[in-house]
Amino acid sequence: MGAQIKKDDKASMIDKVFELRGKATIFLCGGMAGCLAKTTVAPLDRVKILLQTHNHAHESHGIFGTLRHIWSVEGIAGFYRSNGAQMIRIFPYSAIQFLSFDVYNNSLSASLGEGNLTRLISGSMAGMTAVSLTYPLDVVRTRLAYQSAGCAEHPHSNYSGIADCLRHLRTQRALFAGLAPSLLGMAPYAGVSFCAFHWLQRQAVERWPGLFAVRDDDESPARLCTWARPLIGGLAGAAAQTVSYPLDCARRYMQVAGAPGRFSLAEVPAAGAAATLSQLYSRYGVAAGLYRGLSLNYVRVVPTAGVSFAAYETLRQAFGV
């Protein structure tokens, strides 16, 4: 009897080790996928932030004008300004998000069953978890991307680096500036993106198996082919971004409020998310305020979400998780 108990305990311990290994692999795959995706679109990310926050140096440039201005004033390095802070932020953020989704989805499936509602809730919770745990790094990345080289009016307004920016944020008590709209925006964004990705993936495999489905062998279930993963991921990301974009604009404004050399609406920080949205709408309207930079964001979010989901699924498959 005692020998049987010891044998069962040993088997249980082995199961826990494999479960922990699986979760660690998911964490690693998620982080690597996020870094690859964000590096791919870093120049567009920089332009989006400058346009969203009505940066004084790029107020009337538009997308292509801003790209040309960055190239002429800052060179190629300007397209990747703040990308170091982005990588420091995005690895834990993306890793936590994918791992949290897996944990939440497995837990909720037991009570709600597998389906779109479960994935929607799991995605929302995963996104909010990742944002909450990595938010100060997002504020740092935004402020570094917001500042512009060659500013004649404020030649000493730029941060010297990540540590300098963190010191200023701590002094201003702004490490969590804009967290409320971030969480409000992340809930629908992450929920819709995860839900849409799995739904579109299933539809593609079931409706057009000859085009989108592949099998490892005759007994394994059909899965989405590798080349279609970026496409499905991009469509899911575009749908999610449309829903949550106004809150993303409000978040960026609140993050740069108090930044050195800030201009335009960011000069007078609003009292909160609702006040910032109201101020954006009253001053700029819907298209130029609440949805400023959305066209660029579609160009940016399709490869971001596409590369992220595709890399994550491919890495999981390679690691056998």
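Each reported figure results from applying straightforward, stated rules to the coordinates on display, with no laboratory input. What you see is a predicted model; the values in this text were computed from it and never measured. Glycine also receives a Cβ, built like all others from the backbone with ideal geometry; neighbour counts cover every protein chain displayed.
List residues of segment 287-308, by number, whose backbone nitrogen lies under 19 Å from a label position 7 Å along Cα→C-beta of Val214.
306-308
Based solely on its DSSP helices, what 222 nm [θ] is calculated for the chain when runs of n ≥ 4 H residues each add -39,500 (n - 2.57) and the sum is averaged over all residues, nearest 500 deg cm²/dmol?
-25500 deg cm²/dmol
Work out from phi, with θ = phi - 60° and the Karplus expression 6.51 cos²θ - 1.76 cosθ + 1.60, the ³J(HN,Hα) of each residue of segment 101-114, listed in order in whole Hz, and give x for Gly and Pro.
Along segment 101-114, the couplings run 4, 4, 5, 5, 5, 5, 5, 6, 4, 5, 9, 9, x, 7 Hz.
Residues with beta-carbon under 12 Å from that of Pro221, excluding Pro221: net charge, scoring Lys, Arg +1 and Asp, Glu -1?
-2
Name the shape class, rounded, prolate or oblate, that the alpha-carbon gyration tensor gives for segment 75-188, where a ≥ b ≥ c are the square roots of its eigenvalues, rounded holds for a/c under 1.5, and otherwise prolate holds if a/b is larger than b/c and oblate otherwise. Walk me through the intermediate numbers first.
Details: a/c = 3.18, a/b = 2.58, b/c = 1.23.
The shape class here is prolate.
If you stretched the chain out fully between Ala274 and Arg207, how much longer would it get, using 0.36 nm times the residue separation minus the C-alpha to C-alpha distance?
19.9 nm
What does the charge count around Leu280 come to, taking other residues whose C-beta lies under 12 Å from its C-beta (Lys +1, Arg +1, Asp -1, Glu -1)?
Counting the neighbours of Leu280, the net charge comes to +3.
For every other residue with a beta carbon closer than 12 angstrom to the beta carbon of Leu169, add +1 if it is Lys or Arg and -1 if Asp or Glu, then tell me the sum.
Around Leu169, the surrounding residues sum to +3.
If you rank Arg207, Arg81 by fewest surrounding Cβ atoms within 10 Å, what's the result?
With the fewest neighbours first, Arg207, Arg81 line up as Arg207, Arg81.
Per residue of segment 172-189, what does 6.51 cos²θ - 1.76 cosθ + 1.60 with θ = phi - 60° give for ³J(HN,Hα)? Whole Hz please, x for Gly and Pro, Karplus curve as stated.
3J(HN,Hα) across segment 172-189, in whole Hz: 7, 6, 10, 4, 10, 5, x, 5, 4, x, 5, 5, 5, x, 5, 4, x, 5.
Which Cα, out of Leu231, Ala275, Met186, lies furthest along the positive dipole direction of segment 167-321 (beta carbon charges, K/R +1, D/E -1)?
Value: Ala275.
In what sequence do Phe79, Phe98 fall when counting other Cβ within 10 Å, fewest first? Before the final figure, lay out the partial values.
Details: Phe79 17, Phe98 25.
By the 10 Å Cβ count, ascending, the order reads Phe79, Phe98.
Taking the Cα centre of segment 113-237 as the origin, how large is its charge dipole in debye, to the nearest 20, when only Lys and Arg (+1) and Asp and Glu (-1) carry charge on their Cβ atoms? If you can, show how the numbers build up before the last one.
Details: 11 positive and 9 negative charges, 90 e Å.
Value, rounded to 20: 440 debye.
So what are the chain's ellipsoid semi-axes, whole angstrom, largest first, if each one is the square root of 5 times an eigenvalue of the alpha-carbon gyration tensor?
On the way: eigenvalues 304, 100, 69 Å².
Each semi-axis is √(5λ); the values are 39, 22, 19 Å.
Measure nothing fancy, just the Cα-based angle from helix 2-40's long axis to the longest principal axis of the chain, in degrees from 0 to 90, nearest 10.
Approximately 30 degrees, to the nearest 10.
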